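A.B. asks: Input: one structure, supplied below.
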Amino acid sequence: MAKLSYLKALSRALNDEMARDENVCVLGEDIGVAVNNVTTGLLGKFGPHRVVDTPLSEQAFTSFATGAALAGKRPVIEFQIPSLLFLVFEQIANQAHKFSLMTGGQAKVPVTYFVPGSGSRSGWAGQHSDHPYGLFAHVGVKTVVPATPEDAYGLFLSAIRDDDPVVLFAPAGALGVRADVDIAALDAVPLGVGRVHREGSDVTVVAVGHLVQDALAVAEQLADQISVEVFDPRTLYPFDWAGLAASVNKTGRLVVIDDSNRMCGIAGEILATASEEMRLTVPPKRVTRPDGAVLPFARELDLAVQPQADQLLTAVQEVFKATPR
């Protein structure tokens, strides 16, 4: 066993996959100098024909990657901040995503859109702190949000190997997470399969990305009062509804914590589907950013807008104490 950080897991996955498949290439701004510490050493190892520092035009190199994928390459695009995905939403959702569907599967577009540091980072303010994974799940683009180092490694491999476009969000709040990992046992993690990090019998907590750590801390804090099961979807589209149902049908109670805006967020979709299709004995709750939230620059205000562990703890207690209907 060895200590592996989330950030190092991403770097290792990209290194390993580029060594395994010569068609894998990386595009992005300042990736040669590894500004986000994921592409460290790749330029010297694989050369400028596979590690391409691009001009400051996200629309241009995202479209370029679509063409490269159609020609047989497997591009990985690194975006420095999540808000840049708004600039290229058309290229991803309306072009790359639809080629396979509109050609009856004859065309494949294996592009991985990678955001190493999505969500809030201290002082990054409104235009750098979004978590727009719900947009891509909504239109049916494969959307991945790993929570742990081993899942960051395994899901990154699966994203690169997938023949469809995949957006992978690596939350800023998870980058420093470290875990004891058997390096030799690291392998691809299938898309669309969730993970139960902690079993419980009273309340199911669904946590997205870095908030898995908060959910586990709350579960431990409440261990002598409430048995909390922590479910990590890992992939938001396709979502592991069967895995969630197995948990919710056991506990009958559900809380979702999600670091994106409440209105039209993934938390609302999880609650709606659970209410329609699963055995809920009391109304569920969600802990999210507020409606239409734009994170402020001031640290205290920034933190006040983000979902917090104390909010989750209160929600779990309220759901647990609610009278079954």
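The values are calculated or read from the model by the stated rules, or taken from the named source; none is laboratory data. If you're wondering where the values come from, they're calculated on a predicted model, not measured in any experiment. To get the accessible areas, we keep the full protein, side chains included, count just its heavy atoms, and leave off ligands, DNA and RNA. Shrake-Rupley method; radii C 1.70, N 1.55, O 1.52, S 1.80 Å.
A.B. asks: Using a 1.4 Å probe on the protein heavy atoms, what percent of the accessible area of the chain belongs to carbon and sulfur? Spell out each step's value before the answer.
C.D. replies: Details: 7050 of 13410 Å².
Here it works out to 53 percent.
A.B. asks: Compute and list, largest first, the equivalent-ellipsoid semi-axes of region 3-50 from the alpha carbon gyration tensor, each √(5λ) rounded to a whole angstrom. Show your work: numbers first, answer last.
C.D. replies: Details: eigenvalues 58, 38, 12 Å².
Its equivalent ellipsoid spans semi-axes of 17, 14, 8 Å.
A.B. asks: Here is a follow-up. Taking only protein heavy atoms into account and a 1.4 Å probe, give the accessible area per residue of region 238-325 in Å². Before the final figure, lay out each step's value.
C.D. replies: Details: 4320 Å² over 88 residues.
With all protein chains present, region 238-325 gives 49 Å² per residue.
A.B. asks: Please list, or write none, the aspartates and glutamates whose alpha carbon is within less than 17 Å of the alpha carbon of Lys98, excluding same-chain residues fewer than 8 places away.
C.D. replies: Straight-distance partners of Lys98: Glu90, Asp162, Asp163, Asp164.
A.B. asks: Which whole-Hz ³J(HN,Hα) couplings does region 37-51 yield from phi under the Karplus relation 6.51 cos²θ - 1.76 cosθ + 1.60, θ = phi - 60°, glycine and proline marked x?
C.D. replies: These are the phi-based 3J(HN,Hα) values: 6, 9, 9, 4, x, 5, 4, x, 7, 10, x, x, 7, 10, 10 Hz.
A.B. asks: Mind jotting down the distance between the C-alpha centroids of region 62-92 and region 1-25, whole Å?
C.D. replies: Between the Cα centre of region 1-25 and that of region 62-92, the gap is 20 Å.
A.B. asks: Roughly how many whole Å is it from the C-alpha centroid of region 238-299 to that of region 162-217?
C.D. replies: If we compute the Cα centre of each part, the gap is 16 Å.
A.B. asks: Oh, and also: Amide H of Val256: which non-local residues (sequence gap of 5 or more, or other chain) have their own amide H closer than 5 Å, using H built in the peptide plane?
C.D. replies: It is Val206, Lys285, Arg286, Val287, by chain and number.
A.B. asks: From the cross-link list Lys3/Lys250; Lys250/Lys285; Lys3/Lys45; Lys73/Lys142, which pairs have alpha carbons spaced over 26 Å apart?
C.D. replies: Beyond 26 Å between Cα atoms: Lys3/Lys250.
A.B. asks: Does region 121-193 classify as rounded, prolate or oblate by the C-alpha gyration tensor (a ≥ b ≥ c root eigenvalues; a/c under 1.5 gives rounded; else a/b over b/c gives prolate, otherwise oblate)?
C.D. replies: Numbers: a/c = 2.97, a/b = 1.17, b/c = 2.53.
Oblate, because a/c is 1.5 or more while a/b does not exceed b/c.
A.B. asks: Grab the DSSP H runs of the chain that are 4 residues or longer, score each as -39,500 (n - 2.57), total them, divide by all residues and round the 222 nm result to the nearest 500 deg cm²/dmol.
C.D. replies: Numbers: 12 runs with 117 residues, N = 325.
Calculated at 222 nm, the ellipticity per residue is -10500 deg cm²/dmol.
A.B. asks: Cα-based Rg (one decimal) and Dmax (whole number) for the chain, in Å?
C.D. replies: 19.5, 63
A.B. asks: Need one word for region 176-325: rounded, prolate or oblate. Basis is the Cα gyration tensor (sqrt eigenvalues a ≥ b ≥ c); a/c below 1.5 gives rounded, then a/b vs b/c decides. Provide the component values of the computation, followed by the final result.
C.D. replies: Values: a/c = 1.30, a/b = 1.00, b/c = 1.30.
Rounded is the answer for region 176-325, as its axis ratio a/c remains below 1.5.
A.B. asks: Once you have a ≥ b ≥ c as the square roots of the Cα gyration tensor eigenvalues for region 1-130, tell me rounded if a/c is under 1.5, and otherwise prolate or oblate according to whether a/b is larger than b/c.
C.D. replies: On the way: a/c = 1.71, a/b = 1.17, b/c = 1.46.
Note, shape of region 1-130 comes out oblate.
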